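Undergrad: Handing you this structure, nothing more for now.
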Amino acid sequence: MSYSYQVKSLEEYNAAYKKSVEDPEGFWSAIAENFLWRKKWDKVLNWNFTEPSIKWFEGGKLNITENCLDRHLATKADQPAIVWEPNDPKDNKVVLTYKELHFKVCQFAHVLKNNGVKKGDRVCIYMPMVPELAIAVLACARIGAIHSVVFGGFSAQSIADRIQDAQCSTVITADGGFRGSKVIPLKAVIDDALISSPSVKKVIVLSRTHIPVSMINGRDVWWSEEINKVQNADCPAEIMDSEDMLFILYTSGSTGKPKGVVHTCGGYMVYTNYTFVNVFQYQPGDIYFCTADIGWITGHSYIVYGPLSAGATTLMFEGIPTWPDAGRFWEIVDKYKVNILYTAPTAIRSLMGFGLDFVNGKNLSSLRVLGTVGEPINEEAWHWYDDNIGKKKCPIVDTWWQTETAGVLISNIAGITPQKPAHATLPLPGIQPILVDEKGDEVKGNGVSGNLCIKFPWPSIIRTTYGDHERCRQNYFATYKNLYFTGDGALRDEQGNYRITGRVDDVLNVSGHRIGTAEVENAINMHTGVVESAVVGYPHDIKGQGIYAFVIFNGNMDDKELLKHGIVQTVAKVIGAIAKPDKIQFVSGLPKTRSGKIMRRILRKIAEGETSNLGDTTTLLDPAVVEEIKNGRI
Ligand code: PRX
């Protein structure tokens, strides 16, 4: 049985999967033939998981923007590449054809060069969801600069940490951003971040909201003025090695500060394209709408690079799902006749809560495929999505993947492989999952559970954590020998379908956003009077997980509500609003072992509302503290 680039039947999936395991190099080199390479690779794959050292398409030369833009110009010059829906539905949409997007990317690439940006330089991008964000990302890739996009909800401190870690020379931002009824002062946040970021020499500022901003002489320039200086927008693409860095994206781990996940040009391009075309069963002419923000990996891979490399029309949305009302997504689907909709379970759960009045009356008949990403989807939300949005005729792809994997690893393929509510189902071609127990022994057979690992590299696997390769090794490759450890737990049912159950480390998933408990604790501990804190997750109806903080406070506690508010504000200042604790409980002590380790297992159970069966507490230094915490539970 042979198979095509886009698998078209269960038999083709099985054949592609078999080939990908038996002959990974043959499989991926045939896939990679479908791209524009300036020079073909010398070796398909060179790898070990011990250092780790992973190289795909070694010796190959390319530029990803030639694959996303130039190569479509012959046949798709006038096809929309990006369709942009503004925050305010009364404002005008923007449509950029491939020809126009190509022009604007090349033009802005000149702006970057004119402002001293060179191949290999790191550029921090902190922007709202406007077309210029995609243009900035692609312009960096055009000239070989490494972009580090920071989500617009992060604080000045978080931006400064990321800028310093990557030693960025340039920041691209906007005066502000619209989010529903709010205006977010992005440039002012950047100004704060730059007080402690001396590596930054230039800030390019897009005017979006027209709020007043301070422009520092010699450092800050306006996007539009710089564009006006470009005489000739011709900009040949910088020819990159397959393993040259394409971007850094920071993500939370169980310890320390967020780490800069590094992805490289060739493998990332091949894998995001292959998975986009296959998982969603993209058809030429489709209107594809991914509701993520480009500040996260989903936006990088499945708003920008995957769809554009496939010559698709990708819809970018600036606003939020609940403004002006909770029918906004469905209105957009109706307005643009969206065929493929990709969103997060947290959005579905939130919109479910507003009732069907916001869905009824919208024409959703253009929809052919639905997708979810970012966290486990509960069966209730899955069925609501299936019944009311897909009208039971659209397959739902439950795509499991991570910032580190850069593309979907486990998912059903729309209409091709079987779906099962709340299950990511089967690995995509090229992906070899394995479940292991705590000792690292393989859990074989079906109807089992374990820690999810992957035993063979795929083209877009994490290459390193920026500036600290040892951290990459420790985090992902040291827990279990010769395996990539995902940090997730999973069940494998009798048919071999995977169901991802959630993180098994100290990482929370709040509304699909990844947040380390240690990060939140560090932020809380910065609040004056806080002696110590411990943060755990608990089930939350809409967010998936909520943040529960146990805090030891030394000082005046007359007004506990005011104090809690202050602590929440401190977290927002240090990390960003997404990390605000939902519940704060003041305690006199934390359950610790005699060696001083906090027993989070106990705190997690209490936060989850389980107060009777707390397991063994005899090894605690002070068992009495558990009673107090149980009694004070919020
Ligand atoms: O726990 C898994 C969860 O999100 C984590 C990765 O988060 P991040 O790197 O921010 O990337 C999110 C977008 C890909 C995973 O370790 N996760 C992601 N997708 C799913 C999921 N959990 C269950 N089902 C999914 N479909």
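The values are calculated or read from the model by the stated rules, or taken from the named source; none is laboratory data. Note that this is a predicted model, so its numbers are computed, not measured. Note that we place each Cβ from the backbone using ideal geometry, even for glycine, and neighbour counts take in every protein chain shown. Heavy atoms of the whole protein, side chains included, go into the accessibility calculation; ligands, DNA and RNA do not. Shrake-Rupley method; radii C 1.70, N 1.55, O 1.52, S 1.80 Å.
Undergrad: Could you provide, to the nearest whole Å², the per residue accessible area of the chain with probe 1.4 Å?
TA: Counting only protein heavy atoms, the per-residue value for the chain is 37 Å².
Undergrad: Please work out the Cα center distance from the range 205-270 to the range 141-186, rounded to the nearest Å.
TA: Going from one Cα centre to the other spans 9 Å.
Undergrad: Quote the relative contact order of the chain in percent (integer), defining contacts as alpha-carbon pairs under 8 Å separated by 6+ residues.
TA: 12 percent
Undergrad: What's the tally of Lys pairs in the range 365-486 whose alpha-carbon atoms lie under 15 angstrom apart, where the two lysines are 8 or more places apart or on different chains?
TA: Counting lysine pairs in the range 365-486 gives 5.
Undergrad: Of 412, 456, 424, which is farthest on the positive side of the dipole of the range 401-462, counting Cα position, with +1 on Lys and Arg Cβ, -1 on Asp and Glu Cβ, and the Cα centre as origin?
TA: Checked the options; the winner is 412.
Undergrad: In addition: Given the alpha-carbon gyration tensor of the range 449-509, what are the semi-axes of its equivalent ellipsoid in whole angstrom, ordered largest first, with each equal to the square root of 5 times an eigenvalue?
TA: 23, 14, 10
Undergrad: Then there's this: Run through every distinct alpha carbon pair of the chain and return the Kirkwood hydrodynamic radius in angstroms, one decimal place.
TA: 25.3 Å
Undergrad: For the chain, what does -39500 (n - 2.57) per DSSP helix run (n ≥ 4), summed and divided by total residues, give at 222 nm, in deg cm²/dmol to the nearest 500?
TA: That calculation yields -7500 deg cm²/dmol at 222 nm.
Undergrad: Taking only C-alpha pairs under 8 Å that are 6+ residues apart, what is the relative contact order of the range 308-449 in percent?
TA: Dividing the mean separation by the residue count of the range 308-449 yields 16 percent.
Undergrad: Further question: Semi-axes, largest first, in whole Å: what does sqrt of 5 times each Cα gyration tensor eigenvalue give for the range 176-276?
TA: 29, 23, 16
Undergrad: Right, another one. Output the peptides 374-380, 613-619 sorted from most to least packed, where packing is the average of other Cβ atoms within 10 Å over each peptide's residues.
TA: 374-380, 613-619
Undergrad: Given a cut-off of under 8 Å on Cα pairs at least six residues apart, what relative contact order in percent is computed for the range 484-543?
TA: Here the relative contact order equals 23 percent.
Undergrad: If you count, for each residue, the other Cβ atoms within 10 Å and average over each peptide, how do 604-612, 440-448, 325-333, 111-119 line up from highest to lowest?
TA: So the peptides 604-612, 440-448, 325-333, 111-119, ranked by packing, come out 325-333, 111-119, 604-612, 440-448.
Undergrad: Something else about it: Just to confirm my numbers, what's the Cα centroid distance between the range 401-457 and the range 559-597 in Å?
TA: 35 Å
Undergrad: On to the next question. Karplus couplings for the range 295-311 from phi (6.51 cos²θ - 1.76 cosθ + 1.60, θ = phi - 60°), rounded to Hz, Gly and Pro as x?
TA: x, 10, 4, 4, x, 4, 7, 10, 10, 9, 5, x, x, 5, 5, 8, x
Undergrad: Counting only pairs 8 or more residues apart or on different chains, how many lysine pairs in the range 66-208 have their Cα atoms under 26 Å apart?
TA: Going through the range 66-208 pair by pair, I get 29.
Undergrad: Going by average Cβ neighbours within 10 Å, how do the peptides 586-597, 563-574 rank, with the highest at the top?
TA: Listed from highest to lowest mean packing, they are 563-574, 586-597.
Undergrad: Test of the criteria: in the range 51-104, which GluC sites (Glu not before Pro) are in a DSSP loop and have at most 11 other Cβ atoms within 10 angstrom of their Cβ?
TA: Here no loop site has a sparse enough neighbourhood.
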